[in-house]
Amino acid sequence: PNQMILGGRPGFSVTIPVGHVSLDASVTGPAGNTFRDETSGWGLGDITTRAQLGWQDGDFAHLVYTQVVAPSGRYDVGFVPIIGLNRPGIDIGWSFTWTEKTSKLQFNGTTGVTFNFENNVTDYDSGTDFHAEWAIGREICQGLMIGIAGYDFRQLTGDSGPGARLGPLEGQVDAIGPAITYTTLIDKTPVVLRAR
């Protein structure tokens, strides 16, 4: 929209994930007995609604966002194909992009906090988490960018609820590696392809 709010441009989106899961697992016990199981199927994931407000200042663009996750997919306990996490959540954060025109270097980042709520099927509450993603890349030709990307995830509060039988676990993840992004237009719709 062209309408400005607080000097920025608003944006709204809804993501409806649909996917196919195929799982095959085997476990061998100390006595040499092996248990195998497999499952596959299509499913609807958790629907995410997002509202954001963004600003542009020369080569620097940034936005604040709030997104709400609705547990809309099928969820069963056991070894079954599941697309979503079946827990409501609210994620708030800030994202930025800065492009240095001479070197064609681009710096991107997002940081946010996700407030997760209880999965009513498992009585498991995953707690609140912090996440940060970043990428540095160089445009080598029109629409093609190559660089490195990283990710950091930290639970701020431990897992809880009757389903958290192993106690207040707190997850953490760190990742870094190569990244490639290709941006193009199909008709008048922008399409972004990423590999990391």
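See the values below:
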read-out: Answer from GLY54, GLY93, GLY58, GLY84 - the residue that is under 30 Å from MET4 (Cα atoms) and either of a type in the set (Lys, Arg) or under 13 Å from the mean Cα position of the chain (by Cα) (or both); value: GLY93
read-out: Filter result for the condition that a residue is out of contact with any strand residue (DSSP E or B) (no Cβ under 7 Å at 6 or more places or on another chain) and open to solvent by less than 70 Å² (accessible area, probe 1.4 Å), over GLY41, GLY29, GLY19; value: GLY29
read-out: Strands (runs of 3 or more DSSP E) contained entirely in segment 97-196, each with at least 2 residues that are at pLDDT below 90 and surrounded by fewer than 16 Cβ atoms within 10 Å (Cβ to Cβ); value: 189-195
read-out: Test: residue in segment 22-40 that is at pLDDT 90 or above, within 24 Å of the chain's Cα centre (by Cα) and among the hydroxyl-bearing types (Ser, Thr, Tyr); value: no
read-out: Matching residues, segment 44-68, being open to solvent by 60 Å² or more (accessible area, probe 1.4 Å), in contact with a strand residue (DSSP E or B) (Cβ under 7 Å, 6 or more places away or on another chain) and acidic (Asp, Glu); value: ASP59
read-out: Residue tally, condition over 20 Å from THR181 (Cβ atoms) and in contact with a Lys or Arg (Cβ under 8 Å, 6 or more places away or on another chain), over segment 126-139; value: 3
read-out: Members of segment 49-83 that are within 30 Å of ASP24 (Cα to Cα), of a type outside the set (Gly, Ala, Ser) and part of a loop (DSSP other than H, G, I, E, B); value: PRO71, ARG74, TYR75, ASP76, VAL77, PHE79, VAL80, PRO81, ILE82, ILE83
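Conditions (1) touching a Lys or Arg at 6+ places or on another chain (Cβ under 8 Å); (2) of a type in the set (Val, Ile, Thr); (3) over 30 Å from GLY78 (Cα atoms), marked per residue:
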{"position": "LEU105", "(1), (2), (3)": "yes, no, yes"}
{"position": "GLU118", "(1), (2), (3)": "yes, no, no"}
{"position": "CYS141", "(1), (2), (3)": "no, no, yes"}
{"position": "GLY158", "(1), (2), (3)": "no, no, no"}
{"position": "PRO168", "(1), (2), (3)": "no, no, no"}
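The values are calculated or read from the model by the stated rules, or taken from the named source; none is laboratory data. Bear in mind the structure is a predicted one, so any value in this text is a computation, not a measurement. As a convention, Cβ positions derive from the backbone with ideal geometry for all residues, glycine included, and neighbour counts pool all protein chains shown. Side chains are part of the model used for accessible areas, which takes the heavy atoms of the whole protein and leaves out ligands, DNA and RNA. Shrake-Rupley method; radii C 1.70, N 1.55, O 1.52, S 1.80 Å.
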